[in-house]
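The values are calculated or read from the model by the stated rules, or taken from the named source; none is laboratory data. Bear in mind that the values here come from a model prediction, so they are computed numbers and not experimental data. Note that each Cβ is placed from the backbone with ideal geometry, even for glycine, and that neighbours are counted across all protein chains shown. These area figures cover heavy atoms from the full protein model, side chains too; ligands, DNA and RNA do not enter into them. Shrake-Rupley method; radii C 1.70, N 1.55, O 1.52, S 1.80 Å.
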Amino acid sequence: MPVQHFITVAETPVDTLMRIFDVAYELRAEREAGKRNAPMLAGKTLAMIFEKPSLRTNVSFQQAMIELGGHSIVMVSEQVGLGKRESPADVAQVLSGMVHGIMARVFEHQKLVDLAAVSTIPVINALSDFSHPCQALADAMAMMDEFGRDLKGRTLAYVGDGNNVAHSLAVMCGRLGMNFILASPPGYEITQEVTDTIMSYCPDLNMQVMSDPMDAVRYADAIYADTWVSMGQETEAAIRKAAFESFQINDKLVAAAPKHCIVLHCLPAYRNIEITDSVIDGPRSRVFPQAHNRLHAQKGLLAVLMGGA
Ligand code: CP
Ligand code: NVA
């Protein structure tokens, strides 16, 4: 059987996604009952490569490995030199003979594709310039926590940049039968090429692109925010902040949404830039439980990919 990677939501079979959620919820229930999870990753090691900073992804993967009885080795990019000191293919072939899984946070998505092409152990995308599938798992769980495991017909309004996080969320919505609304300033929408790819994987996805955030949230069950300036785009910060000025998630915008609508943000948040303190710390926010779900989602993912769950 071919090794199962987790590079994008789109390339992950829907039954694998559902299995990840099932296992994540089982492991979370055990943890919340004060029990230890079975050591299903005993003797297994995850190699973790970071080309960019991380709090949630780093800690949740390491903690997930600990709680499932395994180990992790964390490497920053200067040590590995992925694509500089050594090709991704050579890195993958070396690690395939030493550890049991590779998790990488990279600038160019192609590096993940190159790792996975030759790796005989699972390769996990821990964020690339193209997608952030691990985040989308936790985001789905945050919505399931609120609305139940069946999210069919629910609407997610993503207000902001048509970036890596938006790409993964759009496909996740497609997989879960949700509607996906994107409100972005002109020039920052999901590109036509990526939209075509998303629709090729999710032909039934109801995806709408709007330019007015107020219209976008009117029927939303969840509003989603991410930074306007992703890692690697720092030189564009001033121009981006100007372009996104009217796309802030604030009390006025939240008031335009239905009363039951929750607010999500993948974090890190630039407070009072893309989202106000009053919203992120307010009653509609599920941002911190969403972040905590990164741990549970990672455990489900690792258990399925590396533990045979
Ligand atoms: N949301 C997220 O991926 O956070 P980190 O960049 O801190 O890992
Ligand atoms: N879009 C953001 C997500 C951070 C978790 C970035 O790529 O920096």
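Some points to look at:
- Checked against the criterion of being in contact with a helix residue (DSSP H, G or I) (Cβ under 7 Å, 6 or more places away or on another chain), within 14 Å of Ala309 (Cα to Cα) and modelled with pLDDT of 95 or more, the candidates Leu46, Leu27 yield just one match: Leu27.
- Filter result (part of a loop (DSSP other than H, G, I, E, B), within 16 Å of ligand 2 (Cβ to nearest atom) and surrounded by fewer than 19 Cβ atoms within 10 Å (Cβ to Cβ)) within the stretch 270-309: Tyr270, Ile273
- Restricting the stretch 223-266 to residues that are free of Cβ contacts under 8 Å to residues at least 12 places away in the same chain and within 16 Å of ligand 1 (Cβ to nearest atom) leaves a set whose member that is surrounded by the fewest Cβ atoms within 10 Å (Cβ to Cβ) is Glu234.
- Taken together, the criteria place Tyr158 among residues that are within 27 Å of Ala242 (Cα to Cα) and open to solvent by less than 10 Å² (accessible area, probe 1.4 Å).
- Helices (runs of 4 or more DSSP H) wholly inside the stretch 45-132 that include at least 3 residues being open to solvent by 30 Å² or more (accessible area, probe 1.4 Å): 56-67, 88-96, 109-118
- Among the conditions (1) more than 21 Å from Asp145 (Cα to Cα); (2) polar (S, T, N, Q); (3) touching a residue at least 40 places away in the same chain (Cβ under 8 Å), the only one that Asn37 does not satisfy is (1).
- Hits in the stretch 198-222 - residues which are within 25 Å of Ala255 (Cβ to Cβ), surrounded by 19 or more Cβ atoms within 10 Å (Cβ to Cβ) and among the hydrophobic types (A, V, I, L, M, F, W, C): Ala216, Val217, Ala220, Ala222
- Residue under evaluation Asn164, criteria (1) polar (S, T, N, Q); (2) more than 30 Å from Ser77 (Cα to Cα); (3) in contact (Cβ under 8 Å) with a residue 24 or more places away in the chain, criterion not met: (2)
- Cβ-Cβ under 6 Å pairs, at least 6 apart or on other chains, the stretch 112-132 side at pLDDT 95 or above, far side within 10 Å of ligand 2 (Cβ to nearest atom) and in a loop (DSSP other than H, G, I, E, B): Leu112/Ser128; Asp129/Phe107
- Hits in the stretch 234-269 - residues which are among the charged types (D, E, K, R) and in a helix (DSSP H, G or I): Glu234, Glu236, Arg240, Lys241, Glu245, Asp251, Lys252
- Selection of the stretch 89-114 for residues being farther than 15 Å from Phe50 by Cα and in contact with an Asp or Glu (Cβ under 7 Å, 6 or more places away or on another chain) yields only Ala89.
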